[in-house]
Amino acid sequence: MGDATIALLGAGVMGSTLLAALVRSGHDPAHLLVSDKSADRARQVAAPFGARATSVHEAVAVANVVLLAVKPQDMATLMEEIREEIQPGTLVISIAAGISTTFLERRLPEGTAVVRVMPNTAALVDQGMSAMSPGRECTPAQIEQARVLLSNVGRVIVIEELHQDAVTAVSGSGPAYIFYVVEAMIEAGVLLGLPRDTSTELVVQTLYGAATMMRETDQHPTVLREQVSSPGGTTVAALRALEDHKVRAAFLTAIEAAARRSHELSPPA
C-alpha cells in the first residue's frame, strides 16, 4: 500500500481488525484515518495505533483508499455523505455483506473504482479468507492494491461477483460451522467423562492439526480421512453413525440456506 492515505469508515470489529493489521504490516499510522458514526468509538479504536480519528468528510476528502466497514443497512446513507468528497482516482473497498459493486457505483461519482470483499472473522488472528470482486472501473493496479491490503489479514482470492453469495455461505459464515462442530465434540468428550478443559484442548489441537495437514500435504480431504479410517475400527464406526444421521446432507442444506439468505439480504442496486 506504500504511503497511501487510507480512510477507514466504520470502527467495528472488522474495521478495527484491518486497522491493526495495516499498522503491523508497517503502514504509517499518520496516513490512517478512522471515522465512525460514534466519534468516541473512532477515537477509542484509532488511539492505540497512532492513527487519527476524524470526521467522515475530512477522511474521505484526503484519502487515496476508502475502506467501507459499516453495516449494510447504513451503506446508502454513508454513500450520500461521502459522494461529493470522493476524489478522482480513489479506490473504494467495501467489506459490507450483500452490497454489490453496482450498488456502490451508482451512488458514487462516475468512474469511481470499487472492490467488493467478503472476509471472515479469522482475520482477527491474521488467518482470514477474503474473496474480492472488482467493479467495472477497477484497473489491474487497483485490484492488486486491494489484494495487498487484504493480504494483511490472511489469504485473498479474486472471484466473479456472481459467486459472492456462495462465498458468504462457505467461508464468510464458515467459522460458525466449525465452532458448532467443535462445541459438539467438546460436549461429547465431557459426556464420556473427560474434564471440560481436557476435552477442549484435545478438540482444538485436533482441529488445528487436521487443518494444517490439509494445507501442508495438499491432499484431498477424502484421502486424509481414509488414512484415519481403519477397516472395522473406531473411526469407521463413528463415520457410519454420521452418515446414518445424514450429517453430510445437513451441511449441504445448511450452506445452501446461507447462500439463499445472503441473496435475500442484498439490497436492490
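The values are calculated or read from the model by the stated rules, or taken from the named source; none is laboratory data. Everything quoted here is computed from the prediction, not taken from an experiment. Positions of Cβ are generated from backbone atoms using ideal geometry, with glycine treated the same way; all protein chains shown enter the neighbour counts. Remember, those area values only see protein heavy atoms, side chains included, never the ligands or the DNA or RNA. Shrake-Rupley method; radii C 1.70, N 1.55, O 1.52, S 1.80 Å.
Values computed for the structure shown
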| read-out | value |
| --- | --- |
| Counted charge near Glu84, where neighbours are those whose Cβ lies closer than 14 Å (Asp, Glu -1; Lys, Arg +1) | -3 |
| Solvent exposure ordering (accessible area, 1.4 Å, most first) of His31, His57 | His57, His31 |
| Largest to smallest accessible area among His245, His27 [probe 1.4 Å] | His245, His27 |
| Added length on full extension, which subtracts the Cα-Cα distance from 0.36 nm per residue, Ala4 to Tyr180 | 59.4 nm |
| Nearest 10 degrees, 0 to 90: helix 247-265 Cα axis against the chain principal axis | 20 degrees |
| Surface accessible to a 1.4 Å probe, Arg261 within the full protein complex, Å² | 120 Å² |
| Stretch gain in nm, segment Arg196-Glu84, where the contour uses 0.36 nm per residue and the Cα spacing is subtracted | 34.7 nm |
| Dipole magnitude (debye, nearest 20) for segment 10-61, charges at Cβ of Lys, Arg, Asp, Glu | 100 debye |
| Alpha carbon convex hull of the chain, projected area averaged over orientations, nm² | 16.5 nm² |
| Volume in Å³ per residue [convex hull over Cα atoms, computed for segment 219-260] | 67 Å³ |
| Segment 147-269: equivalent-ellipsoid semi-axes (sqrt of 5 x gyration tensor eigenvalues, Cα, Å) | 31, 19, 17 |
| Extended-chain gain in nm, criterion 0.36 nm per residue less alpha-carbon gap, Gln44 and Phe251 | 70.6 nm |
